[in-house]
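Structure, as structure tokens:
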Amino acid sequence: MKYIFDLRSLPIEKKSLAGGKASSLSLMMKNLKMNIPSGYVILADGFRDGNLTEDAQKELTELLVKLNRNKTYAVRSSAIGEDGGSNSFAGQYETLTDVTVDKIDAAVKQVAMSAKSARVEEYKAQKDESSEGIGVIIQEFIKPEFAGVIFTSDIITGKDEKIVGNYVKGEGEKLVSGIENAEEFKLGAIDKTFEGNSEIAPYAKTLRKYSLAIRSFYGVPMDIEWAIANRKVYILQARPITTLRRLDPKNYDINGTRSGYKLLTKTNVGEIFMKPVSPMTFSVLEKINEFLGVPDWLDNICGQAYMNISVMCSLLMSFGKSREKAYELVKDLVGEIPEGVEIPVSPFDKKAFMKNLRKLLFPKNKSKLKKKEKLQMVEDLHQISEDLIVQIKTIKSNDELMRYWDEVLQPRLNDGLASIMTASGTALIPLFGTRKKIAKIAGEDMANRLCSGCVGIIDCMKPTLLLEDVVSGKISREEYILACGHRSADEMELMAPRPYEDPSFIDSLLKDREDAPVNLHAMQEQQNNQYEKALSEFKEKYPSRSKWIDKEISKFIHANVFREDIRSKGVRIFCVFREYILKAGELNGLGSDIFMLSFTEIFNLLKGDNSAVAFIPARKESFAKYNTYPGFPNLVIGRFDPEKWLADKDRRYDVFVSDRPTGDIPSDVKGFAGAAGTVTGTVRVIDDVSRIDEIKEGEILVTRATNIGWTVAFHKVSAIVTDIGAPLSHAAIVAREFGIPAVVGCRNATTVLKTGDVVTVDGGKGTVTIERA
């Protein structure tokens, strides 16, 4: 067995025994182009009670013969758990510098024995960490002119537009020990400015380049040790800033606002995930971020899903857009932000994004299907999903389930994604520009009339429309379940049961619908007639634009129909994943607890590694706690502490800005024009789809957001008002096709309005006026 490895060739399977510091150095040496002193690591299993084993001692003796005696070395600890995401252990273990070759043997033993020192034991006790062993690094010593540390983000606020550094002359140990006062400097991460002493200025460009590269590689804020010698910058080590830890995977402690100062919104994503997501679903969302190459784009606070607008603006700015232009381009996603608040941005690795984009567009495991076959696969996704579920249910062992993933599901998934991308093409672009094009010619009112009622019956309308068809006898209960049994309010949460799993779900829906006086088919037909009338008026007023408007509307209709069809088929794919996960839970005696694992941990479990199962109790406890929290603010800027927010009697559910008093933020109710029309009526505030039966005929539904699970109650309401949403959100799309006035994305409607209030909703202007409270 081998115990000593060159850092540049440390095998992946030995990483856990090398310790945090050595693993980090090895990763940087293999993946980043920067000056890092060469060296070796003695693995933790080469020591027994602080002493080298006989075989490890033999290897060290052989290594010392090969080392250059004209150089000196640094001998440093690399304990398991040191320099990790949870605890840094900075300064706790012994570090010996400028060590000659003849003294390395004794230095190794001294460093190894420091694992038993009183200060290390006290640190472990404070952090509730157990001893897991120590590796030791022997690294070429760089005799520095300057040495110091750099933090890629502010360690308190998480802001990362400035990189903050501290340094001393000579060795960095003087900085760590406090022997000398450090000098400070700042590097502009985006504007490339330098603030500090002139002696460091010549190295500012390299320090910035190295810091941003390390930050991008690890994907988290980093604490970096560096040195300057012979006019060169060297990186000595890098570790995550533990105070800015976004996620602790052991207990599913997740808060995206801890890892940076950013703007998060629930618009769109909050409609899809209305409850905290399970660890399993969270792991899939993390994979989507990785797949797209946009770090933390789908972010999370205590299980509640958010969209990271800051990273989107940062991406656009890396391509030359100004901060203001970047915001304008994403405004429909986030809506208006409080006056005086600037969207936080961070340095964005454009090269890494483009590299990832090329991999996405030209994958190694490229689908072998031809274009015609891909288009047919999109058409057949429903039946393909049903067939896969049937096959999964017959699997009898872990080995068989793992093989099924490798040989069937993953290839099918690759083909499915390639097919959807081929079918999508540029089909969705008209969703974003059609209304503006028409408004530029004929005004906002005509644009709203032409874009309402033209789409017809789309997939997200079927759960409520087809109920009328079951009542009238046009289709059977079984046909309804086949068409809509996969759709629900929590359809993208892998842990949530699907309606089709309990066929009796349709009974309560039918009972509610049988006595309903409203005919949604008639409402939709009336809305379509209004569209036809508007189209005639447009053509009469602008005869030269007749063919143009037909073409634009046709593309707009196709984009809406395609989007909802693909979304429905995507839900069916999630049903396949759910059945696969349930089968893994069944085979391993975990039942629904299987959703407390990540999908990577499930694959490890199927291969025989059940170590992650030990995390399930702690994750269940966190997840249960998350489900007791109310919905957090729709817009969050800066660090958000749920417990402090809950303790604030003046807390708001619309917006939270970490460094602004609550009273400074306006509290009027207005939002996006979702669906045209004006109605005055009585408010019914509903905070959860489980209370949907409380809605009375003719009331105005006020809620955080709606998705397809809410449409079964749309026949009762006279208007819809939501906190979360945008013109392309579910509530707006469905309301337009039924002719129900809607104002979406108000942020604070459920806070300001109360059940029983009488209000006037103007869906064309995006306003809600309180007539009587």
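Of all residues in the stretch 27-54 being without any contact (Cβ under 8 Å) to a residue 60 or more places away in the chain and within 14 Å of Leu7 (Cα to Cα), which is most open to solvent (accessible area, probe 1.4 Å)?
Per the stated criteria, the residue is Lys30.
One line per residue, one yes/no per condition, for (1) touching a Leu at 6+ places or on another chain (Cβ under 7 Å); (2) among the polar types (S, T, N, Q); (3) part of a loop (DSSP other than H, G, I, E, B); (4) closer than 27 Å to Lys266 by Cα:
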residue: Lys351; (1), (2), (3), (4): no, no, no, no
residue: Asn356; (1), (2), (3), (4): no, yes, no, yes
residue: Lys359; (1), (2), (3), (4): no, no, no, no
residue: Glu373; (1), (2), (3), (4): no, no, no, no
residue: Val378; (1), (2), (3), (4): no, no, no, no
residue: Val390; (1), (2), (3), (4): no, no, no, no
residue: Lys396; (1), (2), (3), (4): no, no, yes, no
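What's the number of the condition Glu225 fails, among (1) part of a strand (DSSP E or B); (2) buried (at least 22 other Cβ atoms within 10 Å of the Cβ)?
(2)
Give me the strands (runs of 3 or more DSSP E) completely within the stretch 640-745, filtered to those with at least 3 residues that are in contact (Cβ under 8 Å) with a residue 60 or more places away in the chain, ordered by residue number.
672-675, 678-685, 742-744
Where the second residue is open to solvent by 50 Å² or more (accessible area, probe 1.4 Å) and assigned to a helix (DSSP H, G or I) and the first is among the charged types (D, E, K, R) and lies in the stretch 517-539, which pairs have Cβ atoms under 9 Å and are six or more apart or on separate chains?
From the stretch 517-539, the pairs are Lys533/Arg449; Glu537/Arg449; Lys539/Arg545; Lys539/Asp550.
Looking at (1) in a helix (DSSP H, G or I); (2) closer than 30 Å to Glu537 by Cα; (3) of a type outside the set (Asp, Glu); (4) open to solvent by less than 60 Å² (accessible area, probe 1.4 Å), which one does Val455 not meet, given that it meets all the others?
Failing condition for Val455: (1).
Could you please find all residues in the stretch 678-697 being under 20 Å from Leu509 (Cα atoms) and surrounded by fewer than 15 Cβ atoms within 10 Å (Cβ to Cβ)?
Matches in the stretch 678-697: Asp687, Asp688, Ser690, Arg691, Asp693, Glu694, Lys696, Glu697.
If we scan the stretch 176-188, do we find a residue that is aliphatic (A, V, I, L, M), touching a helix residue (DSSP H, G or I) at 6+ places or on another chain (Cβ under 8 Å) and either at pLDDT 90 or above or not in a loop (DSSP other than H, G, I, E, B) (or both)?
Yes; the residues of the stretch 176-188 include at least one that is aliphatic (A, V, I, L, M), touching a helix residue (DSSP H, G or I) at 6+ places or on another chain (Cβ under 8 Å) and either at pLDDT 90 or above or not in a loop (DSSP other than H, G, I, E, B) (or both).
Please state which one of Glu501, Glu493 is open to solvent by 40 Å² or more (accessible area, probe 1.4 Å) and either in contact with a Phe, Trp or Tyr (Cβ under 6 Å, 6 or more places away or on another chain) or of a type in the set (Asp, Glu) (or both).
Selected residue: Glu501, the only one of Glu501, Glu493 that is open to solvent by 40 Å² or more (accessible area, probe 1.4 Å) and either in contact with a Phe, Trp or Tyr (Cβ under 6 Å, 6 or more places away or on another chain) or of a type in the set (Asp, Glu) (or both).
How many residues are outside any helix (DSSP H, G or I) and touching a residue at least 40 places away in the same chain (Cβ under 8 Å) when one looks only at the stretch 314-339?
The number of residues fulfilling the criteria is 4.
Just one of (1) touching a Ser or Thr at 6+ places or on another chain (Cβ under 6 Å); (2) charged (D, E, K, R); (3) modelled with pLDDT of 95 or more trips up Glu62, so point out which.
(1)
Assess whether Ser488 counts as being outside any helix (DSSP H, G or I) and within 30 Å of Lys583 (Cβ to Cβ).
Here the answer is yes, as Ser488 does meet what is asked.
If you go through the stretch 492-501 one residue at a time, do you hit one that is closer than 20 Å to Asp445 by Cα, among the hydroxyl-bearing types (Ser, Thr, Tyr) and assigned to a helix (DSSP H, G or I)?
Within the stretch 492-501, not a single residue is closer than 20 Å to Asp445 by Cα, among the hydroxyl-bearing types (Ser, Thr, Tyr) and assigned to a helix (DSSP H, G or I).
The values are calculated or read from the model by the stated rules, or taken from the named source; none is laboratory data. None of the values given here were measured: they were computed from a predicted structure. Because the Cβ atoms are built from the backbone with ideal geometry, glycine has one as well, and the counts that use them run over all protein chains shown. Only protein heavy atoms, including side chains, enter the accessible area calculation; ligands, DNA and RNA are left aside. Shrake-Rupley method; radii C 1.70, N 1.55, O 1.52, S 1.80 Å.
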